[in-house]
Amino acid sequence: MALTVTITRTTPLYPNGAFVQWDLSGAVDEGTYFFSLFRSGSSNGPWDEIMPATASAYSFMDRFPTPSVVGYQDPTQLSLARGFYYKVVCVPPAGFASQVDAVMEVEPTLEGKQRLIKRKILRDESLMLQRLNGVPVAVLKRRHWGTRCPKCFDKYTKESMRSNCTNCWGTTFVGGYFDPVMTFAKRGVTPNQVGMTAQGKAEIATTNVTMLDVPGLQDDDILVFLRDNKRFIVKRVLPTELQTVTVHQRLEVSELPRSDIIYRVQVDPFRTPRLF
Amino acid sequence: MALQGEPKFFPRMPGQQADVMPASPTAIVAMFTEIVRERFRPANGLAWAWSESQTPEVTEDNDGYNPRKVLIEPAFSEHAEARNYRPAIYIDKGETAMQSVAINNMAGKRIQTGLTGYYALATIPIDIEIVSDKKGESATMADTVWFYMLSGRNLIQETFNLHEFTPPMLGRTLPGEKDKTEWSTHVSFNIQTHLRWFTQPVAPLLQSVVLKYRDSGDPNIDTYLLKQYLP
């Protein structure tokens, strides 16, 4: 049996942190197993180390806020929508080459039959999206903590003075977004509603998107549809849940104007070479 | 087509389409659109620069060296190709009100012909809306426009022969929903332009023609008029 680490529990302890617990199976080597714990706002990272390599640790209490440094915004649980991901890395006695890891969002887990039902629904949905009506999409999870942008962010008013800053892509956090997560999603048609306003002709194209449970999306996250390079901002998330556990997500999204800074964020250089 | 012989100081942009009368809504909006565009010329070193073309540059970095293009247009522009473009500045004009400065607006009268001259002032509210994705940016750009108007109002007043240019007011920055949340700040002020017109009664003119005809001794009125008015 191969060495496997599994996160068995992630319990939010609002508003001060989360409790993370994990288990190891298939551990046949004799010696010390080291575990490290990382936190991120996206299932793909980048990850912040919150527990350095520790021998035989199987749980961790992640307390917010972490010790702060100047120009750094700590993560908080003060928004109803904010989601966190944890990654456990296990280094066995054989060394780093054999390390294993597991990623999980802060969410309750299902037991027994419910777990299997969720798995079945996810499998069916995944097959439908991959083979039938889904298209490849890159999910850009917006950063909500990290180093504030030194170029456009005013530390006193806590406002961005330049919406097209290429340092933070308008998010006020250096880097702007977490690493893109490639997945599949079903996008509805996007009728372009043109209306006359004081600001000239305004175009609004909103539609619905259906996708799997990971990564969990929040308002202001970005979806990049890789086939046509159209980019959408998430306005509203309607998750379908099974005993409070998200099974899949329905999103209300709005297409971004072509002049938006988001079109400069490089997602997949092979599909969409950067011209602007 | 431009109007011929335009005076130097005039509430109208030189070379504007001939149907646009001085101090008319289109003339006033065009005037302030050009004035605001002048502030956002690339050479001014701002983080935003106005350009005829709104297609973003690859090198744009939203700083003084590689400024972000800003859209500066009259409000309700129906032919602009840029849609939902931000940051943007929209210039509009409110309801024009006439203000009397003399009884019955009369400036003078020529007794012989009945020619009467009139004079009044037109008060025109101007609204400049600054729209951005970010509240801070909208407020900062609005502050730039506001102070530019405040500091340059004497020069603008002289250049375009405006009677009055009230100190501009910088409004609150408020959110709005479109394709995504946008922020807008208004800079508003009033200008006053001179209105001049005259009326001339037709009866004294006709009387003058009749007297000249009788004095000519010509028996036929048609031939008399043809002689008078055809070369």
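Miscellaneous remarks
- Residue selected from segment A:202-232 under the condition of a type in the set (Asp, Glu) and within 11 Å of chain B (Cβ to nearest Cβ), by the criterion farthest from the chain's Cα centre (by Cα): A:203
- Picking from residues in segment B:9-30 that are touching a helix residue (DSSP H, G or I) at 6+ places or on another chain (Cβ under 7 Å) and open to solvent by 50 Å² or more (accessible area, probe 1.4 Å), the one that is nearest to residue B:160 (Cα to Cα) is B:9.
- For the condition of a type in the set (A, V, I, L, M, F, W, C), over 23 Å from residue B:25 (Cβ atoms), surrounded by 13 or more Cβ atoms within 10 Å (Cβ to Cβ) and out of contact with any Cys (no Cβ under 9 Å at 6 or more places or on another chain), residue B:195 does not qualify.
- Look at (1) within 26 Å of residue A:227 (Cα to Cα); (2) at pLDDT below 90; (3) open to solvent by less than 60 Å² (accessible area, probe 1.4 Å) and you find that residue A:177 fails only one, number (2).
- Residues that are within 12 Å of chain A (Cβ to nearest Cβ) and charged (D, E, K, R) within segment B:94-144 comprise B:127, B:129, B:133, B:134, B:135, B:137, B:143, listed in sequence order.
- Test: residue in segment A:141-155 that is exposed (fewer than 14 other Cβ atoms within 10 Å of the Cβ), at positive phi, within 14 Å of another protein chain (Cβ to nearest Cβ) and charged (D, E, K, R): no
- Taken over segment A:4-33, the residue count meeting the criterion of being more than 26 Å from the chain's Cα centre (by Cα) and among the hydrophobic types (A, V, I, L, M, F, W, C) is 2.
- Residue count for segment A:233-276 under the criterion of being within 14 Å of another protein chain (Cβ to nearest Cβ), at pLDDT below 85 and open to solvent by less than 80 Å² (accessible area, probe 1.4 Å): the result is 1.
- Of all residues in segment A:64-76, those being under 16 Å from residue A:50 (Cα atoms) and surrounded by 11 or more Cβ atoms within 10 Å (Cβ to Cβ) number 8.
- Count - residues of segment A:1-16 that are out of contact with any Pro (no Cβ under 9 Å at 6 or more places or on another chain) and in a strand (DSSP E or B): 7
- In segment B:31-77, the qualifying residues are those that are of a type in the set (Asp, Glu) and within 27 Å of the chain's Cα centre (by Cα), and the one that is least open to solvent (accessible area, probe 1.4 Å) is B:73.
- Flag for residue B:112 being modelled with pLDDT under 90, open to solvent by 10 Å² or more (accessible area, probe 1.4 Å) and on the phi < 0 side of the Ramachandran plot: yes
The values are calculated or read from the model by the stated rules, or taken from the named source; none is laboratory data. Predicted model, so just to flag it, every value in this text is computed and none were measured. Cβ sites come from the backbone with ideal geometry, for glycine too, and all protein chains shown count toward neighbours. Areas reflect the complete protein model, heavy atoms only, side chains present, ligands, DNA and RNA absent. Shrake-Rupley method; radii C 1.70, N 1.55, O 1.52, S 1.80 Å.
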